[in-house]
Structures are given as C-alpha cells and as structure tokens.
1. GLU4 versus (1) assigned to a helix (DSSP H, G or I); (2) within 16 Å of the chain's Cα centre (by Cα): which is the lone unmet condition?
2. Taking segment 56-95 as the search range and keeping residues that are modelled with pLDDT of 90 or more, open to solvent by less than 70 Å² (accessible area, probe 1.4 Å) and in a loop (DSSP other than H, G, I, E, B), which one is farthest from ILE195 (Cα to Cα)?
3. Among the residues of segment 152-210, how many are farther than 15 Å from LEU115 by Cα, touching a residue at least 24 places away in the same chain (Cβ under 8 Å) and among the aromatic types (Phe, Trp, Tyr)?
4. Does GLY66 qualify as being touching a residue at least 40 places away in the same chain (Cβ under 8 Å) and farther than 23 Å from PHE165 by Cα?
5. Mind listing whichever residues of segment 96-146 are in a loop (DSSP other than H, G, I, E, B) and modelled with pLDDT of 95 or more?
6. Name the residues in segment 164-188 that are part of a helix (DSSP H, G or I) and within 17 Å of the chain's Cα centre (by Cα), would you?
7. So, in segment 7-36, exactly how many residues are over 23 Å from GLN203 (Cβ atoms), small (Gly, Ala, Ser) and assigned to a helix (DSSP H, G or I)?
8. Of a type in the set (S, T, N, Q), over 20 Å from GLU4 (Cα atoms) and surrounded by 24 or more Cβ atoms within 10 Å (Cβ to Cβ): is that true of SER35 in this structure?
Amino acid sequence: MAREHDEQAIALAGLFQAVSLVEQIARRGMIAQNSFETSIASLFVSDPKLTEDVYGGTHDLPFNLGLGLKQMQELVDKRAGGINPDVMRYALTLIQLERKLADRPDMLEEIGKRLDQLEQKAHYFGDQPADDNAATSSAFDPSIYTHSNVIAGIAALYQDTISTFTIRVQVGGDPRHLQNSENAARIRALLLAGIRAVILWRQVGGKRWHLFFFRSRVRSSLQKIHPSGH
C-alpha cells in the first residue's frame with residue numbers, strides 16, 4: 001500500500017506542477033524551464049517501467065517535480081496563504097476532464113496517434129534519433145519537446161480534443177500574457193500534460209474520494225520523495 005501511495009503522490013505532483021505552471025504563465029508570463037520541460041516530456045513517456053520514469057527517473061524526481069511537490073507540501077502543511085485557488089481549481093477541472101476523456105476511446109486513440117507524430121517532429125527539430133521511451137533515457141535532452149513548433153502542435157491537439165468538451169478550464173490572469181500566442185500554446189500544452197498526470201494517477205489506483213483524505217494519504221510519501229521540502 002505504501003508503494004501505491006508513493007506512486008499516487010508522484011502523479012498528483014505531476015498534476016500540480018502542470019497547473020502551477022499554467023497559473024504562473026497566466027499571471028507573470030514566466031516559468032522555470034526545467035519544470036516546463038519535465039511536464040511536457042511526460043506526454044511522450046508511453047510505457048514507463050516505473051511511475052518515476054514519467055518524470056525523468058527516481059534520482060531526478062525531487063528536482064524535476066520540485067514545483068509540484070512544493071505545492072502538495074503546502075496543502076499538507078496548511079501553510080499560511082495555502083495553495084493558490086486558481087491552481088486548485090485548474091487541478092479539479094482536469095480531474096473532471098479526464099473522466100470525460102476516459103469515456104471517449106476514439107479521442108484517446110487520436111491523442112496517442114498525434115503525440116506519436118509530434119514525437120517524430122520533436123526528434124527532427126532536436127536532431128536526436130527517436131527510440132522507444134527516449135524521454136526516460138539518461139542521455140536524453142527533454143528540451144526537444146519544448147521546441148515552439150512541438151508546443152504549437154500539442155496546443156492544437158488540445159484544442160481539437162479536450163477543448164470540445166462542455167467542461168472548460170477557465171484560465172484567469174494578466175490579459176497581456178494570456179493574449180500572447182506563445183503563452184496560450186504553452187498553457188494548452190501544459191493542460192494536456194496535467195490530464196496525462198491524472199491518467200497516471202488513475203492507473204496507479206487514484207480515486208476521486210482519495211482527495212478527501214489527501215493529507216493522510218500523501219504525507220509520508222512526500223517525506224520520502226522530497227525530504228528537503230519541509
């Protein structure tokens with residue numbers, strides 16, 4: 001059971017990192033590149049040996065998912081000010097959207113096909129040979145997935161699929177940043193990465209009612225994954 005809780009905590013950290021980056025782009029127009037690369041690269045890890053591999057492997061997890069783990073620690077500790085309400089709203093909406101997507105196997109298949117095509121494009125722009133699960137390789141550079149053309153492709157994929165549902169993620173922020181086309185593409189790509197994290201959470205046993213017991217379920221896992229987060 002402890003391992004299951006650890007895996008669920010990792011997936012939730014992936015979700016909170018993606019939506020925290022959305023909030024930062026919308027409010028400030030700036031984000032940490034490493035966090036962005038980690039979230040986007042997770043879309044292209046289709047057959048991980050371990051849950052940790054979705055976010056770069058066990059060794060680099062505290063660094064790669066640092067932002068998401070910090071958000072979760074603030075929730076667990078109920079720190080002053082707490083987690084940003086927009087971040088929580090985005091996360092809960094993506095959990096709802098993942099349920100809608102689960103009922104659309106045709107859409108899931110379309111997303112998978114187009115991500116495969118985008119992976120080839122990413123390797124072309126990054127001048128790296130494509131191989132299975134390259135995003136988990138220690139010699140791999142995840143920055144190839146954040147090439148502007150690849151991000152634009154992921155954003156278009158989000159618009160053609162997830163954006164067709166009646167439930168929408170209403171992103172609030174500074175209009176100057178939201179009206180920037182590059183920022184809009186990054187936000188949509190991150191929302192898809194957030195849904196990928198929710199899918200992972202479901203795959204490792206996560207259920208909506210677990211969120212009512214969030215603190216008790218993830219506290220010990222956070223201490224193991226991110227011991228310096230206190």
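The values are calculated or read from the model by the stated rules, or taken from the named source; none is laboratory data. On a predicted model such as this, the values are computed, not experimentally measured, just so you know. A quick note on method: Cβ atoms are made from the backbone with ideal geometry, for glycine too, and the neighbour counts reach across all protein chains shown. Surface accessibility is based on the protein's heavy atoms, side chains included, excluding ligands, DNA and RNA. Shrake-Rupley method; radii C 1.70, N 1.55, O 1.52, S 1.80 Å.
1. Of (1) assigned to a helix (DSSP H, G or I); (2) within 16 Å of the chain's Cα centre (by Cα), only one is false for GLU4: (2).
2. Once the filter is applied, the top-ranked residue is ASP60.
3. 2
4. When the stated conditions are applied, GLY66 passes them.
5. The answer is ASP103, ARG104.
6. Scanning segment 164-188 gives ASN183, ALA184, ALA185, ARG186, ILE187, ARG188.
7. 1
8. Here the answer is no, as SER35 does not meet what is asked.
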